[in-house]
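Here's the structure we're looking at; comments come further down.
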């Protein structure tokens with residue numbers, strides 16, 4: 001059976017031989033005209049990509065922090081790479097990757113999962129390309145510590161359980177799939193009731209009611225709540241329009257939802273930041289890869305960024321966990337290149 005384009009993307013992100021020698025250092029500039037590249041970054045996904053302060057009106061909101069922020073800074077520090085970035089926070093998650101195809105941005109960051117569907121616009125045209133994955137993670141649930149045993153797996157989610165999710169995220173999509181609320185194509189199960197700004201609608205099992213990590217049926221835009229047709233499926237509560245995933249964490253703490261569906265890295269960071277009040281459960285077996293999004297016509301730049309990232313990460317041996325333990329690791333790799341013998 002032929003492999004799908006999406007699987008090829010994932011394979012490319014994983015295609016590193018751990019026994020291979022370190023990659024050769026990059027040797028040419030990514031940008032010849034010395035222009036500054038505009039980077040749009042998702043402002044609310046700590047610890048991968050986030051703003052230094054949560055208030056969009058504060059000056060610090062424009063300061064980029066996290067794993068991807070440090071990776072970009074190290075890219076700028078590589079002599080001869082010709083890379084310089086101007087960073088701009090983006091508060092809205094919806095189709096954020098497609099902004100790479102607009103004149104406003106050259107690169108979009110934010111731990112964006114690499115999916116073939118996310119390379120295409122509403123008309124099906126390929127307008128976005130991705131760098132190969134520099135972040136590896138799994139989906140999970142974040143729950144209050146007292147609920148760890150009660151909500152240990154997705155099988156424990158019933159119609160009484162309210163799971164918070166960010167619409168259009170892989171956290172939402174994977175939760176829907178694992179709990180049977182959508183089929184493999186993202187079509188909602190018949191009988192699912194969805195609260196939307198225009199009122200409640202009920203899925204009939206047709207493709208008119210579709211949710212994927214890259215698209216949704218127009219009738220489901222702005223969805224606020226999803227009510228399951230079976231007691232063995234959870235409710236979904238959609239938050240994040242104003243402050244991204246921070247709204248989900250606050251709602252979990254307040255008790256207005258019972259779990260948050262999102263990536264393991266962000267959930268573990270939230271558990272640590274909230275002093276152990278939360279814990280991570282229901283780790284998915286499926287692995288995801290996050291990369292930078294660029295316009296399709298900038299595939300050469302994406303390839304050059306990959307060469308630089310390969311050097312900074314020592315052929316992907318230096319991963320998120322290594323950076324978390326030592327945030328200066330990428331800058332040291334850049335210094336190693338700069339101090340090489342001529």
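Structure values in brief
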| quantity | calculated |
| --- | --- |
| Estimated FRET transfer efficiency when R0 is 30 angstrom, pair residue 325-residue 185 (beta carbons, to 0.05) | 0.15 |
| Fewest-first sequence of 158, 129, 281 by Cβ atoms within 10 Å of each Cβ | 158, 281, 129 |
| Relative intensity, log₁₀ I(q)/I(0), of region 62-195 from a Debye sum that treats every alpha carbon as a point, q = 0.09, 0.20 Å⁻¹ | -0.39, -1.32 |
| Contour excess over end-to-end distance, with Cα ends at residue 200 and residue 307 and 0.36 nm allotted per residue | 33.6 nm |
| Part-to-part distance (alpha-carbon centres) for region 34-109 and region 294-342, which is given in Å | 16 Å |
| Computed label-point distance, nm, for sites residue 159 and residue 287 using a 7 Å Cα→Cβ extension | 3.9 nm |
| Residue 315/residue 55 FRET efficiency (R0 41 Å; Cβ-Cβ; nearest 0.05) | 0.55 |
| Segment residue 116-residue 256, extension gain: residue separation times 0.36 nm, minus the distance between their alpha carbons | 46.9 nm |
| Cα pair distances of the chain binned at 20 Å [whole percent] | 30, 57, 12, 0 |
| Solution diffusion estimate, µm²/s, Stokes-Einstein, region 184-227, Kirkwood Rh from C-alpha pairs, 10 °C, viscosity 1.306 mPa s | 155 µm²/s |
| Where labels lie 7 Å past Cα in the beta-carbon direction, separation of residue 335 and residue 92 in nm | 4.3 nm |
| Neighbour-count order for 306, 57, fewest beta carbons within 10 angstrom listed first | 57, 306 |
| Taking 64, 134, 272 and counting other C-beta atoms within 10 Å, the order from fewest to most | 272, 64, 134 |
| Theoretical FRET efficiency, 1/(1+(r/R0)^6), r = Cβ-Cβ of residue 225 and residue 273, R0 25 Å, to 0.05 | 0.40 |
| For the chain, share of DSSP beta bridges that run antiparallel, in % to the nearest 5 | 70 percent |
| Helix 5-14 axis, angle to the chain major axis (alpha carbon atoms, nearest 10°) | 50 degrees |
| Descending Cα extents along the principal axes, region 66-127, whole Å | 40, 23, 21 |
| Gyration tensor verdict on region 246-318 (Cα atoms; rounded if a/c is under 1.5, prolate if a/b is larger than b/c, oblate otherwise) | prolate |
| Region 139-281 - convex hull of alpha carbons, volume per residue in Å³ | 96 Å³ |
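Rule-based calculations on the coordinates, nothing more; no lab input. Keep in mind the model is a prediction, meaning the values are calculated, not measured. Don't worry about glycine lacking a Cβ; one is built from the backbone with ideal geometry, like all the others, and counts go over all protein chains shown.
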